[in-house]
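Participant: I'd like to ask you about the structure that follows.
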Amino acid sequence: MFYILIGIVVVALIGYLSVVFYQRYFIKQIKQLEAHKGDLMALPIPERLTKLRSLHLTGESLQNFDRWEKQYEQITNHNFSTIEGYLFDAETANAKYQFIQVARILKQLRAYLTETDQDLLDVQDALENLLANEADTRQKIQRLREQYQQLRKRLLTKSFSFGPALDALEATLGRLEVDFDEANELTTAGDHLGAKAILQKLITETTQLEDQMERIPKRYNELANEFPEQLVEINDTYHQMLKEHYQFDDRQIEVKQQQLMDQLDKSTTLLSDLAIESVEANNDEIARGIDQLYDQLEAEMTAKKAVATQLPTTATFVQHAERQNHELLLELDHLNQSYALTHGELASAKQLQKQIGEEQALVEGHQAKIANHEAVYTAIAEDLTGIDERLTVIEEQQQAIHDQVASLHQGEVVANENLRQFELELRNLKRAVEKVNLPGLQQKYLDFFFVVSDEIQKLDHDLNQIKINLDDIAKQLILVQEDLDELKAKTDTLIDSALITEQLLQYANRYRADFPAIQEACVTVQTIFNEEYDYAKAVDLLATALEKVDPGAYTQVEKAYYDQKSDATN
């Protein structure tokens, strides 16, 4: 029983302590939220409102101020009383130990405080922006006013540097003055947002004006001083050159000068309209045109000096080419009496002579133009370069023709040497056949022998003509050499076959008594040898018969024959 009482006391004590703990915990929470409310109420929004009222705002600025002031009044009249109600309900529930109810109320209160906090910050930021816009607008207008005054002062003190653009620049300053007055009026009246809108326009116009006043003097100086002076100098130089008998194609310089003067007038008009980008583009084009005129005049003077040196050189070049071609024609005419010129050498040389004459006419024409003061030196200098290039090609062609015919005589000598060699080889072949004392020769061999002999005779005949066609001779040399090589091969085969046949017959004598087939083969071979003169067939027939009774016999006889032949040759 005692322990039960102790347990009840302990439970009661724990319950009491828990109630005390939660009550104090929520009291602390309530006080923190109440302090948060105090922080919100302490925001310096009323001071901002008072300061803005003193500025006597108007227009859009006043509309914005009224909207945010009403929102602040709604927050103070409604939100703060609602927050106070939440705090009272929480304190009441906490005093009655309704802790779950307290926790729910505090949760709602925190959310409402967060929302109110954000609303108040929005109001505060908006009011501070209104104040900042007012100060910023005044400062910017003041800085622009100072910049404007500097531009006006510069325009007055250096009006001479703006030329036809002066009136338009002054008109722009007038429009800026009107905009400044309007901005000041709006600022003084308190419509700072309206003034800020005009301020953006002022910034753009002032910046543009400053940029124009920075760029115009350089371009006006080009139009008023640089370009006219350069055009006068070009015109004076041009007319002085005409007096010195310079010539220019179709008077293009005068046309170009007039075009540039028209462009000067165009740039002046554009400048008066402040079309500075167009002025700059047009002035750059004028500068390029003036440079081209300078270059053209300088090129003509430079060309005159070059022509004075180049023309005599080119004239000498023409004479040299003409002399070389004359010598080449004489050489070709002489060679044409002894050799057939089959590659059109004579016609090519005559064509070169015609081309040289044309170049000579051009040179003489230029000499006449210079003598008659009609020369455009740049055109002559360019033409002389072309003449030199063409004469160089002509000389190369002359040399090629010369090289082509220079070997004709040597070709004849070589052809005669080959002819003598062919005749010697043919005689040697004939003696070689006669030396072996053959009973006869087949007709096809004799026919081919006489074909080669006739080819050599024709070659000899053609080489002994008054006018030789070396191209045809060269073809004959190739043909004779090929046929003579073939004849040599046929002759070697014929002699080798005949001599081997004789040795095979001697070798076969040892078997004729014992082998009727050998006896029969020997009789047949002798008939073929002595009557048909087919020595290769005789070898094959007898070799075949001997191999049947004495394998390797033919190889033995053949080897002995070629060994003996090799020894005799060495």
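Participant: At 1.4 Å probe size, with every protein chain present, just tell me what the per residue accessible area of region 484-570 comes to in Å². Spell out each step's value before the answer.
Facilitator: Working: 4940 Å² over 87 residues.
Per residue, region 484-570 has an accessible area of 57 Å².
Participant: Related question: Describe numerically, in nm with one decimal, the distance between label points set 7 Å from Cα along Cα→Cβ at A368 and at E482.
Facilitator: 5.9
Participant: Per the Kirkwood definition applied to all pairs of different Cα atoms, how many angstroms is the hydrodynamic radius of region 202-284?
Facilitator: Values: mean 1/r = 0.0684 Å⁻¹.
Hydrodynamic radius (Kirkwood, Cα pairs) of region 202-284 is 14.6 Å.
Participant: Run the quick spin-label model on E412 and T392: label points 7 Å from Cα toward the beta carbon, then report their separation in nm to one decimal.
Facilitator: With each label point 7 Å from Cα toward Cβ, the separation is 3.8 nm.
Participant: Taking amide H atoms as placed 1.01 Å from N in the peptide plane, list the residues 5 or more away in sequence, or in a different chain, whose amide H sits under 5 Å from that of I468.
Facilitator: Distant-sequence amide H within range of I468: Y339, A340.
Participant: When the accessible area of region 425-564 is split by element with a 1.4 Å probe, what percent falls to carbon and sulfur? Working shown, then result.
Facilitator: Numbers: 4180 of 8040 Å².
Taking all protein chains in place, region 425-564 shows 52 percent carbon and sulfur surface.
Participant: Holding the Cα-Cα limit at 31 Å, pick out from K266/K369; K435/K475; K70/K107; K218/K305; K458/K565 the pairs that are longer than that. Let's see the in-between values first.
Facilitator: Numbers: K266/K369 40 Å; K435/K475 33 Å; K70/K107 28 Å; K218/K305 38 Å; K458/K565 35 Å.
Listed pairs above 31 Å: K266/K369; K435/K475; K218/K305; K458/K565.
Participant: Would you mind computing the Rg to Rh ratio of region 353-489 from its alpha-carbon coordinates, Kirkwood style for Rh? Can you show the working numbers first?
Facilitator: Details: Rg = 28.9 Å, Rh = 20.1 Å.
That ratio is 1.44, to two decimals.
Participant: Output the peptides 435-443, 510-518 sorted from most to least packed, where packing is the average of other Cβ atoms within 10 Å over each peptide's residues.
Facilitator: On the way: 435-443: 11.8, 510-518: 14.1.
Ranked from most to least packed, the peptides come out as 510-518, 435-443.
Participant: If I take R0 = 60 Å and measure r between the Cβ atoms of K475 and Q519 in this structure, what FRET efficiency does the formula 1/(1 + (r/R0)^6) give, to the nearest 0.05? Don't jump to the answer; show the numbers that get you there.
Facilitator: Values: r = 54 Å, r/R0 = 0.91.
Between K475 and Q519 the formula returns 0.65.
Participant: Continuing with this model, one more query. Obtain the nm distance between the two label points defined at D262 and H245 by a simple spin-label model: each point lies 7 Å from its Cα along the Cα-to-C-beta direction.
Facilitator: 3.5
Participant: If you don't mind, there's one more thing I want to ask. Packing-wise, with mean Cβ within 10 Å as the measure, how do 367-374, 269-276 rank, highest first? All intermediate terms of the calculation are to be shown ahead of the outcome.
Facilitator: On the way: 367-374: 12.2, 269-276: 17.6.
Result, highest mean first: 269-276, 367-374.
Participant: Okay, next question. Kindly report the accessible area of region 424-474 per residue (heavy atoms of protein chains, probe 1.4 Å, no ligands, DNA or RNA), in Å². Intermediate values should be presented prior to the final figure.
Facilitator: Numbers: 3180 Å² over 51 residues.
For region 424-474, the per-residue accessible area is 62 Å².
The values are calculated or read from the model by the stated rules, or taken from the named source; none is laboratory data. Remember, predicted model here, so these are calculated numbers, not experimental data. Note: ideal-geometry Cβ built from the backbone for every residue, glycine included; neighbour counts use all protein chains shown. When the accessible area is computed, the model is the full protein with side chains, heavy atoms only, and any ligands, DNA or RNA have been set aside. Shrake-Rupley method; radii C 1.70, N 1.55, O 1.52, S 1.80 Å.
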